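Here's the structure, in structure tokens; my notes come after.
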Amino acid sequence: MLEILRQPWPWYVSGPLIALVMVLLLFFGKSFGFSSNFRTICAACGAGKRVAFFNYNWREQTWNLLFLAGAIAGGWIASTWLASPEGVQIAEATVADLRELGLQEPKGLQPEELLGLDALLNVKALLLLLAGGFFIGFGSRYAGGCTSGHAISGLSNLQWPSLVAVIGFFIGGLITTYLLLPLLL
Amino acid sequence: MKKLRFILAGILFGIVMSKSEAISWYRIQEMFRFQSFHMYGIIGTAVILGIIAVWLIKKFKLRDIQGNPIEFTPKEKSVARYLFGGTIFGLGWALTGACPGPMFVNLGHAYWAILVAIAGGLLGTYTYGAIRDRLPH
């Protein structure tokens, strides 16, 4: 059983389980949206004293911080007991494209060049991560949600604004992939 | 102990995101290069099943475990904020290879460098809050 669980899970197993997470949260009386946690953390750190956007009762969002803590634990469980021995089996075409950008073939879940321990001493990698994170934090609040809030929760409720947001996610993603990464990596 | 359910849901999410490899920078690159069905399969099935679930919840007026009706808040109607905000988000998604959830799941995998992206996320959120009145919504 553990052997099967250790394999990477195919999309037709993972997709339904993500829908299950969304439905579970609905039955818990909440809605699935991860990026609100960034706002909650800002508010909990006292950002409400300076900026009105963070001046609200963030304690009502404690459940989402618990969900966040669970997500970290889930990642730890997956990496401790359920890790697959091989690197991510991405398409050959992607491996070839990434090699042209100077990246090695996948050996684990993440590129060592960007997220490995050495990256912590690499100024370029740190700046990329900082800028990437900044865009994600800024953009998800501007758009009022991220992949979970818009692509999963919003689209499930047939909200056209979420479709516009998802189209935006792809416009930005394609700009980074085809224009920025070749310049930056 | 009723808060435990949120931790358990988070654990399920973290495991699924890990084992589906949706937290992998490589998978996100593969998706934006349209070179595999994997990520589209995950998001597509989640959305189709989500649509059916939400439809059933509305049709049968289902209630949550506290007995309250499950309600859905419609998104405000606007194009600018979703298009501009979404595009800015996408720039970062392809750069870090992680959206907000997977950032934290990666912490569990001890990819400590992702803390820099999380710090960026907090900084970006704070900046949005500070200048939101000056942005088109």
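The values are calculated or read from the model by the stated rules, or taken from the named source; none is laboratory data. A quick note: this is a predicted structure, and the numbers were derived from the prediction, not measured. As a convention, Cβ positions derive from the backbone with ideal geometry for all residues, glycine included, and neighbour counts pool all protein chains shown. Just so you know, the surface numbers come from the protein's heavy atoms only, side chains and all, with ligands and any DNA or RNA stripped out. Shrake-Rupley method; radii C 1.70, N 1.55, O 1.52, S 1.80 Å.
Some observations on this one:
- Of everything listed in (1) open to solvent by 40 Å² or more (accessible area, probe 1.4 Å); (2) in a loop (DSSP other than H, G, I, E, B), the single unmet condition for A:L126 is (2).
- Qualifying residue in the stretch B:30-50 (condition: among the charged types (D, E, K, R), within 7 Å of chain A (Cβ to nearest Cβ) and open to solvent by less than 20 Å² (accessible area, probe 1.4 Å)): yes
- Among the residues of the stretch A:113-124, those that are of a type in the set (A, V, I, L, M, F, W, C) and within 18 Å of the chain's Cα centre (by Cα) comprise A:L114, A:L115.
- If the condition is being without any contact (Cβ under 8 Å) to a residue 40 or more places away in the chain and either within 14 Å of the chain's Cα centre (by Cα) or in a loop (DSSP other than H, G, I, E, B) (or both), then the stretch B:86-103 contributes B:G86, B:F89, B:G90, B:G92, B:C99, B:P100, B:M103.
- When A:A93, A:A52 are checked against the criterion of being surrounded by fewer than 19 Cβ atoms within 10 Å (Cβ to Cβ) and either within 7 Å of another protein chain (Cβ to nearest Cβ) or under 19 Å from the mean Cα position of the chain (by Cα) (or both), A:A93 stands alone in meeting it.
- Only one entry of A:S148, A:S162, A:S153 meets the criterion of being touching a residue at least 40 places away in the same chain (Cβ under 8 Å), within 7 Å of chain B (Cβ to nearest Cβ) and closer than 25 Å to A:N64 by Cα, and that entry is A:S148.
- For the stretch B:1-20, the tally of residues that are out of contact with any Phe, Trp or Tyr (no Cβ under 8 Å at 6 or more places or on another chain), free of Cβ contacts under 8 Å to residues at least 60 places away in the same chain and either open to solvent by less than 20 Å² (accessible area, probe 1.4 Å) or facing another protein chain (nearest Cβ under 7 Å) (or both) stands at 4.
- In the stretch B:111-137, the qualifying residues are those that are part of a loop (DSSP other than H, G, I, E, B) and more than 7 Å from every other protein chain (Cβ to nearest Cβ), and the one that is farthest from the chain's Cα centre (by Cα) is B:P136.
- Filtered by the rule that a residue be touching a residue at least 40 places away in the same chain (Cβ under 8 Å) and closer than 11 Å to B:I43 by Cα, the stretch A:13-27 gives A:I18, A:A19.
- Residue within the stretch A:45-68 that is at negative phi and in contact with a Leu (Cβ under 6 Å, 6 or more places away or on another chain) present: no
- Considered as a group, the residues in the stretch B:51-78 that are out of contact with any helix residue (DSSP H, G or I) (no Cβ under 6 Å at 6 or more places or on another chain), at the interface with chain A (Cβ under 7 Å from one of its Cβ atoms) and surrounded by 13 or more Cβ atoms within 10 Å (Cβ to Cβ) include one that is farthest from B:V16 (Cα to Cα), and that residue is B:S78.
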